[in-house]
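Report on one structure; see the data block that follows.
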Amino acid sequence: MKKKGPEDDVPPAGPEAIKAVPVRHYGRYVSAVVALAAFAAIVFAFAQGQINWDAIPDYFFDDRIIEGVGQTLLLTVLSMTIGIVGGILLAVMRLSRNPVTSSIAWFYIWFFRGTPVLVQLFVWFNLGLVFEYINLGPFYKDEWSDFMTPFLTALLGLGLNEAAYMAEICRAGLLAVDEGQTEAAHALGMSHSKTLRRIVIPQAMRVIVPPTGNEVINMLKTTSLVAAVQYYELLRNAQDIGQSSGAPVEMLFLAATWYLIMTSILSVGQYYLERYYARGSSRSLPDTPWQKVKTHLMSFSSRQGGTA
């Protein structure tokens with residue numbers, strides 16, 4: 001029998017520590033360099049172009065531009081109001097068991113979604129060539145050219161077209177609510193309309209709100225089309241200033257800047273609205289942009305303190 005030596009009393013060595021090697025994402029570095037090079041090339045090209053950049057700040061707060069911004073926002077709010085109200089009604093009609101109302105809603109959605117909004121604006125604007133007068137009996141009678149103003153043309157063209165898209169968004173939200181919710185409400189004695197108001201629509205808002213926010217932002221940009229029917233909103237006023245000042249391209253850049261400002265503000269509002277309606281479906285809400293900035297600053301300061 002072999003005697004135990006001192007070396008036999010030494011415990012066996014543990015497993016060797018794993019040395020983690022971070023994965024190197026070379027593709028990210030290459031794509032970042034390509035993107036920065038393309039951005040620098042675009043900036044250089046516009047810097048070399050014959051553009052009077054001083055004209056943009058000179059007219060940025062011009063009275064006509066500010067008035068155009070106000071008209072753009074007004075048209076956006078009114079058109080979306082028509083679109084949302086009409087969309088809810090069309091969605092309810094589309095889901096109705098009555099074949100007549102369901103067919104009417106289907107035809108409306110099919111027609112207005114299937115034709116370009118610019119064509120619809122031109123149709124409303126040129127109906128005076130078809131109808132000389134508008135006659136609503138004892139209530140209202142006038143010449144069509146006086147009745148169909150550029151503002152009314154823009155409002156009908158954008159609002160009625162938006163109602164078709166909002167109808168599908170609302171219908172998807174209503175269908176996303178479990179049918180058991182409706183059956184339970186009916187079992188408690190609630191009417192169909194009360195079930196919609198108290199049970200179905202509040203739960204459907206979580207599905208309806210995000211695409212509705214996108215539709216509002218899209219509507220804000222779509223209002224630029226009404227310049228074609230002589231309505232003086234932001235783009236139309238910017239074009240008129242460009243023609244009179246001899247800086248048409250610069251005024252288009254100015255209009256684009258205002259559109260970016262307005263859509264950015266709406267995007268922030270949409271984010272917080274989505275976060276509000278996500279409370280019932282998410283265990284933990286995502287951090288707001290300000291909270292993310294604070295987290296990054298705190299982590300950076302802690303790293304600086306550790307290295308010191």
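The values are calculated or read from the model by the stated rules, or taken from the named source; none is laboratory data. No experiment lies behind these values; they were computed from the predicted model shown. Heads up, the Cβs are rebuilt from the backbone with ideal geometry, glycines too, and the neighbour counts pull from every protein chain shown. Just so you know, the surface numbers come from the protein's heavy atoms only, side chains and all, with ligands and any DNA or RNA stripped out. Shrake-Rupley method; radii C 1.70, N 1.55, O 1.52, S 1.80 Å.
Observations, loosely collected:
- Considering only Phe125, Ser193, Leu152, the residue lying farthest towards the positive end of the dipole of the stretch 112-227 is Ser193, judged by Cα position with unit charges set on Cβ.
- Whole-number percent relative contact order across the chain, with pairs defined as alpha carbons under 8 Å at least 6 apart: 22
- Between 0 and 90°, nearest 10: helix 99-114 axis offset from the chain longest Cα axis: 80
- Length-normalised contact order of the stretch 100-210 in % [C-alpha pairs under 8 Å, at least 6 apart]: 24
- Shape of the stretch 41-98, Cα gyration tensor, a/c cut at 1.5: oblate
- Heavy atoms of His25: accessible area, 1.4 Å probe, square angstrom to 10: 80
- Judged by the gyration tensor of its Cα atoms, with axes a ≥ b ≥ c, the stretch 3-156 is oblate; a/c meets the 1.5 cut and b/c is at least as large as a/b.
- Per residue accessible area in Å² of the stretch 90-219, where ligands, DNA and RNA are left out and the probe is 1.4 Å: 59
- Of Arg236, Arg113, Arg97, Arg198, the order by accessible heavy-atom surface (1.4 Å probe, DNA, RNA and ligands excluded), from most exposed downward, is Arg97, Arg198, Arg113, Arg236.
- Nearest 10 degrees, 0 to 90: helix 201-222 Cα axis against the chain principal axis: 70
- Local electrostatic count, Tyr259, Cβ distance below 12 Å [Lys/Arg +1, Asp/Glu -1]: 0
- Phe112 accessible area, 1.4 Å probe, all protein chains in place, Å² to nearest 10: 30
- Test item: Cα-centred dipole of the chain, Lys/Arg +1 and Asp/Glu -1 on Cβ, debye: 1700
- In degrees, nearest ten, helix 289-307 long axis to first principal axis of the chain (Cα): 20
- In the frame of its principal axes, the chain has Cα extents of 122, 71, 32 Å, reported largest first.
- When a 1.4 Å probe is rolled over the protein heavy atoms, the share of accessible surface on the chain that falls to carbon and sulfur comes to 64 percent.
- Per-peptide average of other Cβ atoms within 10 Å, ordering 78-85, 253-260 highest first: 78-85, 253-260
- For the stretch 97-149, a/c is not less than 1.5, where a ≥ b ≥ c are the root eigenvalues of the C-alpha gyration tensor, and a/b does not top b/c. That puts it in the oblate class.
- Candidate residues Tyr108, Tyr140: accessible-area rank, largest first, probe 1.4 Å: Tyr140, Tyr108
- Volume in Å³ per residue [convex hull over Cα atoms, computed for the stretch 70-130]: 99
- Solvent accessible area, Å² - Asp63, 1.4 Å probe, full protein context: 130
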